[in-house]
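Enquirer: Submitted below is the structure of interest, expressed as structure tokens.
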Amino acid sequence: MGTGLVNVRLARTPIAPIDADAQWLNMRLQAGVQKVPAVDALKGLKRIAPPPGSLDLISSGWTEMQAELLQTFVLNATGTIIFTGPPGSGKTHVMHRLSEHIARTRPGQRQAFIEQPVETILPHAPQLNILDTLTAKAAGEAYAHRTRLVLRMAVNILGLGEIRDPLVATTWLSAAETGMLMMSTMHTAHPFLAIPRLRDMDPDRLALPIICDPAIICGLVGQRLVPILCDHCALPWDQDDPRLTKMMRDAILTWQRPDWQASNIRRLGPGCPHCAWKGTARRQVVAEVVDPDETLMADFIQYGPTLARHRYHTRSDSDSTMLEKGMELVFQGRMDPFDVPLKIERIRSYDFLQRERERALKGLETMAFIGGGH
Ligand SMILES: [Zn+2]
């Protein structure tokens, strides 16, 4: 009595670390007409300290342009950045680094993560755990349930572990439509495939005209972690490399240019004391960062994902593909060509990829001529 409070709405949930019995409690204090200065009540409460250090994406392999784009994406108030790639490609790692960057630059913004399972603890953001042992269906229901819970917590920024099935996808869209910044992951071969994959999860609710909106999806990222050869024991690459097919060896040679010589290519060596006999020194990120602006989104709707991707790649300022970056590492002698199909994608001939792009654009002109298509 006398505080001016008319209602307190509580929401709470266990968060990681579960074994320390961590809990997250959210109180929304609703004042009546009579407002009492709450300064005294705030004494003794502490702000969460911002994470130490500063954002460094370059040292793990992201390019300057990619780092710049990622930081631009997280300046959005709404929209989802979707990170695609296989398990173990560092998607959660980069989401955590960006989350720390947000906590440093926008203190007071409320963040939360839903992860299956929580692996590393973020001191600045509550993390809701989903057991790794759940069946796909139970995990989907747990994602959806926790997302609805987090929405009641009035967060500004949500990291959603993975958009994995129709239930999570429609819950994600509801969250995205309330207007918050989100980061999430999907398992697709390249970033452009996230769009048709989402649509296929619920063709009505997740129709292209609904999801192809920069306010709903504000960044598309594809990433891999690739092994970098040890400088001390890597061996010259043999053009008859028996580990690869003739088709692929021939394809590698089509990538030669004046400054890309096959004689510079190296392969995994026997190991040495410098690399603890692994043959590789470290792993680095190979990524493609796509800015889904209105032009790209309109292309997705009008021409479909394949043509939209080819058209995007003909822009002078677009990021190169992961295969192009991988082949650059190969011709620098830093990556074994054998790892390209295993870690990135099948090596196709340089000319084939160029022709594929040209064909796609030609098809587009034909479609325009006959009055557009889908
Ligand atoms: Zn070595």
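Enquirer: So which residues in the stretch 291-336 are farther than 25 Å from W255 by Cβ and touching a strand residue (DSSP E or B) at 6+ places or on another chain (Cβ under 9 Å)?
Expert: D291, P292, L296, M297 - these are the residues of the stretch 291-336 that are farther than 25 Å from W255 by Cβ and touching a strand residue (DSSP E or B) at 6+ places or on another chain (Cβ under 9 Å).
Enquirer: I'm trying to understand the selection: among the residues of the stretch 41-89, which are assigned by TED's automatic domain parsing to the domain that holds T105, among the small types (G, A, S), closer than 28 Å to A154 by Cβ and not in a loop (DSSP other than H, G, I, E, B)?
Expert: Residue satisfying the conditions is G79 alone.
Enquirer: Next question, about the same structure. How many residues, within the stretch 247-269, are within 8 Å of the ligand (Cβ to nearest atom) and loosely packed, with under 15 Cβ neighbours inside 10 Å? Before you say what the answer is, go through the steps one by one.
Expert: Going residue by residue through the stretch 247-269, those that are within 8 Å of the ligand (Cβ to nearest atom) are 269.
Remaining after also requiring loosely packed, with under 15 Cβ neighbours inside 10 Å: none.
The number of residues fulfilling the criteria is 0.
Enquirer: Here is a further query. State whether the residues of the stretch 318-338 include one that is surrounded by fewer than 20 Cβ atoms within 10 Å (Cβ to Cβ), within 16 Å of the ligand (Cβ to nearest atom) and more than 27 Å from the chain's Cα centre (by Cα).
Expert: yes
Enquirer: Something else: Could you grab me the full set of residues in the stretch 118-141 that are at pLDDT 90 or above, of a type in the set (S, T, Y) and either more than 17 Å from S99 (Cα to Cα) or not assigned by TED's automatic domain parsing to the domain that holds L25 (or both)?
Expert: T135
Enquirer: Can you run down the residue pairs with Cβ atoms below 9 Å, 6 or more apart or on separate chains, where the first is in the stretch 261-278 and within 13 Å of D336 (Cα to Cα) and part of a loop (DSSP other than H, G, I, E, B) and the partner is of a type in the set (S, T, N, Q) and within 13 Å of the ligand (Cβ to nearest atom)?
Expert: That search, which allows pairs on different chains as well, returns L268/T280.
Enquirer: Looking at P242, P196 in this structure, which one is modelled with pLDDT of 95 or more and outside any helix (DSSP H, G or I)? Let's see the steps before the verdict.
Expert: Working: P196 fails: outside any helix (DSSP H, G or I).
None of the others qualify; the one that does is P242.
Enquirer: Exactly one of these conditions fails for C218: (1) more than 16 Å from the ligand (Cβ to nearest atom); (2) in a strand (DSSP E or B); (3) surrounded by fewer than 22 Cβ atoms within 10 Å (Cβ to Cβ). Give me its number.
Expert: (3)
Enquirer: Give the residues of the stretch 120-161 that are out of contact with any Phe, Trp or Tyr (no Cβ under 9 Å at 6 or more places or on another chain), in contact (Cβ under 8 Å) with a residue 12 or more places away in the chain and among the hydroxyl-bearing types (S, T, Y), sorted by residue number.
Expert: Of everything in the stretch 120-161, just one residue is out of contact with any Phe, Trp or Tyr (no Cβ under 9 Å at 6 or more places or on another chain), in contact (Cβ under 8 Å) with a residue 12 or more places away in the chain and among the hydroxyl-bearing types (S, T, Y), namely T120.
Enquirer: Being over 18 Å from A308 (Cα atoms) and either exposed (fewer than 13 other Cβ atoms within 10 Å of the Cβ) or not charged (D, E, K, R) (or both) is the filter here; which residues of the stretch 339-368 pass it?
Expert: Correct list: V340, P341, L342, I344, R346, I347, S349, Y350, D351, F352.
Enquirer: Same structure, new question: Being buried (at least 16 other Cβ atoms within 10 Å of the Cβ), more than 16 Å from the ligand (Cβ to nearest atom) and of a type in the set (D, E) is the requirement here; does E288 meet it?
Expert: Spelling it out, E288 is indeed buried (at least 16 other Cβ atoms within 10 Å of the Cβ), more than 16 Å from the ligand (Cβ to nearest atom) and of a type in the set (D, E).
Enquirer: With M327, M335, M297 as the choices, which residue is assigned to a helix (DSSP H, G or I), within 30 Å of G279 (Cα to Cα) and not β-branched (V, I, T)?
Expert: M327
The values are calculated or read from the model by the stated rules, or taken from the named source; none is laboratory data. Keep in mind it's a predicted model, so treat the numbers as computed, not measured. Every residue, glycine among them, receives a Cβ derived from its backbone with ideal geometry; neighbour counts consider all protein chains shown.
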